[in-house]
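Reading through the structure tokens given below for one structure.
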Amino acid sequence: MSDRRSWQHGTRRTFLKAGAAGVFMLALRAEGGIATAYAGAESDRTDSSDAAGDARFSAFLEISTDGEIRITTPTSELGQGVFSNLPRILADELDADWADVVPVMPYADAAFVSPITGRHRTANSESVAIYYEQLRGIGAAAREMLVFAAATHWGVPAAECHTTNSRVRHAGTGREATYASLALAAAELPVPEEPRRKRPEQFTLIGRTIERKDVAGKVTGQTVFGIDVRLPNMLFAALRMPPTAGGEISGFDAESIRNMPGVVAVTAVDGGVAVIADNFWRARRAAEALSVEFSPASASGLDSATMRESLHAALDDDAAAVPFPEIDTQNVGSPPRPLDRSEMEQAMAAARQVLTLDYEVPYLAHLTMEPMVCTAQVTDETCELWVPSQQPDRGREAAASITGLPLHAVRLNITQAGGGFGRKWEVDFLRQSVQAAAAVKGRPVQLLWTREQDVQHDFYRPAFATRTRIALSDDRIAGMHSRISGQSIWRFQAHPRLIPGMADPTSAALLIYDIYDFPNKYIDSVEIPWRIPVGLWRSVTLSQNSFFAECAIDEAAVALGRDPYALRRDMLHAHPRIRHVLETVAERAGWHAPLPPGRGRGIALSHGFGSICAQVVEVSVNEDQLAIHRITCAFDCGRKIDPDMVLAQMQGGIIYGLSAALRGEINFRNGAVIESNFHDQPVLRFHETPDIVIELIESDAPPGGAGEASVPAVAPALANAIFAASGKRIRRLPLAASGLRLAQPAREQRGERVVGARP
Amino acid sequence: MTRCQVNGEAVEFEVEAEMPLLWALRDQLGLTGTKFGCGIAQCGVCTIHLNGQPVRACVTPVAAAEGQRITTIEGLGGEHPVQAAWSALNVPQCGYCQSGQIMAAVALLERVPAPSDADIDLAMQGYLCRCGTYPRIRAAIKYAAELKAKERTE
């Protein structure tokens, strides 16, 4: 790396004018057809840490004169691959040499607010989908500016120049210049209004498996996760929390631990007391010794056994049920179709047979491998945070509100996250760390949760019960009514989009799949007003509703004497893309190949996040022993940024979903979570993981999401397979509750198939 | 005061003898590659080598390291065949558990140069990953075994 100081001071002033004045971003916002795509893209940064000799093209892109092309990924790396994949989208249009690209972690800033969601967040498997066009536009515009700078310097027409590997070339004169040498001049140019983007066949980085920029740090221990932030004079905080979910501590005696080694301060924070010491272990020991009093929590008195009864009893409460309109997910923005309960009831009355099926799923914890952690430093004028967060915009607002500082005085740096899965969407731990740091102003404080606190103070996927009534005619489904009962996530979050008189979509959406062609669908919901903290869990709604919806279809198929795959396929004639995914998985899994007794296959489908996933699980059941032989998955997410990363997400999502289906279960006793760590809330282990075969479908459709897409279909495919193998219907998760025990899977065939995969 | 060797260097821990090595490594030495996951030896993300044997640093008191040889992920050097295999196969997702996974795999290959699936199952069952990198870890261990074998013949 060359010495940036060799650049003249005058150059730096020029650069600052070009960068900080926001020329690039302002001009981009004037861009014709996609003007709105850039609204709000101007940084609200007040500080400037940019080194001399760097041309800052936007908050997303800096080209340093020593050749580094620094591209900030707008969303948080949770393991889903955005750290490499989002910069790559920009880099491809820029014609950057991938070896020159240095991805940079983001910070909370207006510049990174998505023009599509209006938020700066990492959620909904949306990162690629919502930043794809914006990143391409910035890369394409910067490329044209570099070309124009070179052409002007050489006195040749820009149209005669071309770019490759971070260089501009002019074939006629044989001249060539690096982006590094052109960057400062280019950053001062007006931004092209309509930069020419590549045609997909011109992509050199998108769609291929190339070097991932995060891997080296992760195999050497150098990656800085939230827990690894180290700052001068840093202190460490451990929490004492109440036993009850959502509870509070009403009083504590700081003197009881004042003399313990290393203790610096003791202070009340949201939902607990923070003990601040010179290392975490001392802080934790003191927190455990602290004398405290708990106030009764709203969850007090809740026990899992009676909660389950309440969930099922609520299904009979016709008066409390609120409808969920059918939403056409293929036409985003179209109004919900009006519900007609009477037609559905007529279909039930006229049916040859009505199936009534009661199902249930439990509360689930997220269990990221990195427990909740946030580092904060508060002074009278500033607040700085280092945090693995999925919601940096709200986190920054929370820090401003707690400290009373203006938003621009709060700097929130996003670190690599040791898993997210929706847990790091919440800002509870971030708030606590700001409150703790405010007690020792000037010194950074790293607040870390224990695993026990993580398990017992999560924002859980709610437990739900459902009753599905299926009207069957001679050979088809003539109507379906599905009712769900449980806590509303949106109610708990006081979500502004919750509509009175309409079911919370995080409970009810896709409880009956809209894609299946059968008439008289009716969804409603009974909300249970418990105050157990609930939140977003990888794949959210679909995490429960795929299980309910796809097992119901399976039960209908059996009652109709139809093959479960064939019935689904026949109901998908209006959705050829989805049907193709289903056909692909059936073919790849050998759906029609005969099986010995005791062995069976189950199939399930899910669609969401702009993607389609179908899975077949093949199992053997021998009394209480369940062996999973293979999970086959077909997946279509449209254009893939990196097939290998998509493959990784499919594998990971399946394992995450399987883990929950087998053993995921959070139980309450008098409002307190019974489970506390991995010994009593076990997750899927290495040796238990079955063979997973994945078929990625080639597609030019707009890129969809991959991070959550393979989670939902595992549980229903597995439950349906158990029925096929044994005749035993699984209507309750986790499977452990049905007395089934996982036997070591037989290793028969393994494989992944993907274009461009590494060895 | 506990004296030991960490990644080839002599170290004196000036902490309570009962403090788990995990915190002494992370908070005193700044070796943050070794992670905290559960605190009760259930997940394996804190795995280090004590005289070449994989141990859980979250339940190993500093006193147990007196006069011993400790290796952490930072001590592997970055070009160890296991690390090379992990990179070639893009094993990590979030990456948080991978230090422990790698330390476990290194120890396995020291003991069993060409492990079978059953050997790998046995050696790796105590190491949790929530991203679901298990299939790639299996492939990477086999690939690392090949790389090590190649190293030996060259």
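Could you please find all residues in segment A:507-537 being of a type in the set (Asp, Glu) and either surrounded by 21 or more Cβ atoms within 10 Å (Cβ to Cβ) or outside any loop (DSSP other than H, G, I, E, B) (or both)?
Those that are of a type in the set (Asp, Glu) and either surrounded by 21 or more Cβ atoms within 10 Å (Cβ to Cβ) or outside any loop (DSSP other than H, G, I, E, B) (or both): A:524, A:527.
State all residues of segment A:697-741 that are part of a loop (DSSP other than H, G, I, E, B), within 15 Å of residue A:624 (Cα to Cα) and modelled with pLDDT under 95; if no residue qualifies, say none.
A:739, A:740
Among the residues of segment A:359-366, is there at least one that is crowded, with 24+ Cβ neighbours inside 10 Å, under 23 Å from residue A:109 (Cβ atoms) and modelled with pLDDT of 95 or more?
no
Out of the residues in segment B:1-51 that are more than 13 Å from chain A (Cβ to nearest Cβ) and assigned to a loop (DSSP other than H, G, I, E, B), state the one that is surrounded by the most Cβ atoms within 10 Å (Cβ to Cβ).
Looking at the filtered set, the residue picked out is B:51.
Could you list all residues from segment A:401-421 that are farther than 23 Å from residue A:233 by Cα and surrounded by fewer than 24 Cβ atoms within 10 Å (Cβ to Cβ)?
Listed by number, the residues that qualify are A:401, A:404, A:406, A:407, A:408.
For segment B:35-88, give me each residue that is more than 16 Å from residue B:9 (Cβ to Cβ), small (Gly, Ala, Ser) and touching a strand residue (DSSP E or B) at 6+ places or on another chain (Cβ under 9 Å).
B:39, B:41, B:44, B:52, B:57, B:63, B:64
Only residues that are out of contact with any Asp or Glu (no Cβ under 9 Å at 6 or more places or on another chain), within 17 Å of residue A:392 (Cα to Cα) and of a type in the set (A, V, I, L, M, F, W, C): list them for segment A:75-123, please.
A:78, A:82, A:123
Confirm whether residue B:74 is over 24 Å from residue A:445 (Cα atoms), within 7 Å of chain A (Cβ to nearest Cβ) and out of contact with any Lys or Arg (no Cβ under 6 Å at 6 or more places or on another chain).
yes
List the number of the failed condition for residue A:162; all other conditions in (1) outside any strand (DSSP E or B); (2) modelled with pLDDT of 95 or more; (3) exposed (fewer than 15 other Cβ atoms within 10 Å of the Cβ) hold.
(1)
Of all residues in segment A:601-625, count the ones that are surrounded by fewer than 24 Cβ atoms within 10 Å (Cβ to Cβ) and either aromatic (Phe, Trp, Tyr) or closer than 20 Å to residue A:736 by Cβ (or both).
Of the residues in that region, 7 qualify.
Does segment B:128-142 contain any residue that is over 25 Å from residue A:650 (Cβ atoms) and among the polar types (S, T, N, Q)?
Checking segment B:128-142: not a single residue is over 25 Å from residue A:650 (Cβ atoms) and among the polar types (S, T, N, Q).
To keep it simple, each residue is scored yes or no on (1) modelled with pLDDT of 95 or more; (2) more than 27 Å from the chain's Cα centre (by Cα); (3) more than 23 Å from residue A:631 (Cβ to Cβ).
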position	(1), (2), (3)
A:545	yes, no, no
A:561	yes, yes, yes
A:564	yes, yes, no
A:577	yes, no, no
A:590	yes, yes, no
A:595	yes, yes, no
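Quick one: in segment A:175-215, which of the residues that are in contact with a strand residue (DSSP E or B) (Cβ under 8 Å, 6 or more places away or on another chain) and of a type in the set (Asp, Glu) is farthest from the other protein chains (Cβ to nearest Cβ)?
Among those that are in contact with a strand residue (DSSP E or B) (Cβ under 8 Å, 6 or more places away or on another chain) and of a type in the set (Asp, Glu), it is A:176.
Please indicate, with yes or no, whether at least one residue in segment B:120-132 is over 25 Å from residue B:9 (Cβ atoms), without any contact (Cβ under 8 Å) to a residue 12 or more places away in the chain and more than 7 Å from every other protein chain (Cβ to nearest Cβ).
Yes, because at least one residue in segment B:120-132 is over 25 Å from residue B:9 (Cβ atoms), without any contact (Cβ under 8 Å) to a residue 12 or more places away in the chain and more than 7 Å from every other protein chain (Cβ to nearest Cβ).
Regarding residue A:709, is this residue among the hydrophobic types (A, V, I, L, M, F, W, C), over 24 Å from the mean Cα position of the chain (by Cα) and closer than 30 Å to residue A:576 by Cα?
Taking the combined requirement at face value, the residue does not satisfy it.
Select from segment A:386-440 the residues that are touching a Gly at 6+ places or on another chain (Cβ under 8 Å) and free of Cβ contacts under 8 Å to residues at least 60 places away in the same chain and list them in ascending order.
A:427, A:430
Tell me which helices (runs of 4 or more DSSP H) are completely within segment B:56-154 and hold 1 or more residues being in contact with a Phe, Trp or Tyr (Cβ under 9 Å, 6 or more places away or on another chain) and within 16 Å of residue B:43 (Cβ to Cβ), or say none if there are none.
In segment B:56-154, B:98-111, B:117-124, B:134-153 are the helices (runs of 4 or more DSSP H) which contain 1 or more residues that are in contact with a Phe, Trp or Tyr (Cβ under 9 Å, 6 or more places away or on another chain) and within 16 Å of residue B:43 (Cβ to Cβ).
On the basis of being at pLDDT below 95, outside the structural domain of residue A:124 (by TED's automatic domain parsing) and either part of a helix (DSSP H, G or I) or hydrophobic (A, V, I, L, M, F, W, C) (or both), does residue A:499 make the cut?
yes
Which residues, counting only those in segment A:663-695, are in contact (Cβ under 8 Å) with a residue 24 or more places away in the chain, within 9 Å of chain B (Cβ to nearest Cβ) and either assigned to a loop (DSSP other than H, G, I, E, B) or more than 21 Å from residue A:619 (Cα to Cα) (or both)?
A:677, A:678, A:683, A:684, A:689
Please pick out the residue among A:91, A:111, A:99 that is within 13 Å of residue A:134 (Cα to Cα) and surrounded by fewer than 24 Cβ atoms within 10 Å (Cβ to Cβ).
After applying the criteria, what remains is A:111.
Give B:151, B:79 a once-over and let me know the one that is over 30 Å from residue A:537 (Cβ atoms), modelled with pLDDT under 95 and out of contact with any Leu (no Cβ under 8 Å at 6 or more places or on another chain).
Unique residue meeting the criteria: B:151.
Taking the residues in segment A:404-440 that are touching an Asp or Glu at 6+ places or on another chain (Cβ under 7 Å), outside any helix (DSSP H, G or I) and within 14 Å of chain B (Cβ to nearest Cβ) as candidates, determine which candidate is farthest from residue A:460 (Cα to Cα).
The extreme case among them is A:416.
Please work out which one of (1) under 19 Å from residue A:716 (Cβ atoms); (2) more than 11 Å from chain B (Cβ to nearest Cβ); (3) within 25 Å of the chain's Cα centre (by Cα) is the condition residue A:657 fails and give its number.
(2)
What tally of residues in segment B:87-116 results from selecting those that are at the interface with chain A (Cβ under 8 Å from one of its Cβ atoms) and under 21 Å from residue A:683 (Cβ atoms)?
10
Which fully enclosed strands (runs of 3 or more DSSP E) of segment A:224-299 have 1 or more residues being in contact with a strand residue (DSSP E or B) (Cβ under 9 Å, 6 or more places away or on another chain), modelled with pLDDT of 95 or more and within 11 Å of chain B (Cβ to nearest Cβ)?
A:235-240, A:272-277
What residue, among those in segment A:628-652 that are under 13 Å from residue A:689 (Cβ atoms) and within 14 Å of chain B (Cβ to nearest Cβ), is nearest to the chain's Cα centre (by Cα)?
The residue in question is A:652.
The values are calculated or read from the model by the stated rules, or taken from the named source; none is laboratory data. The shown structure was predicted, so the numbers you read here are calculated from the model rather than taken from an experiment. All Cβ positions, even for glycine, are placed from backbone atoms using ideal geometry, and neighbour counts span all protein chains on display.
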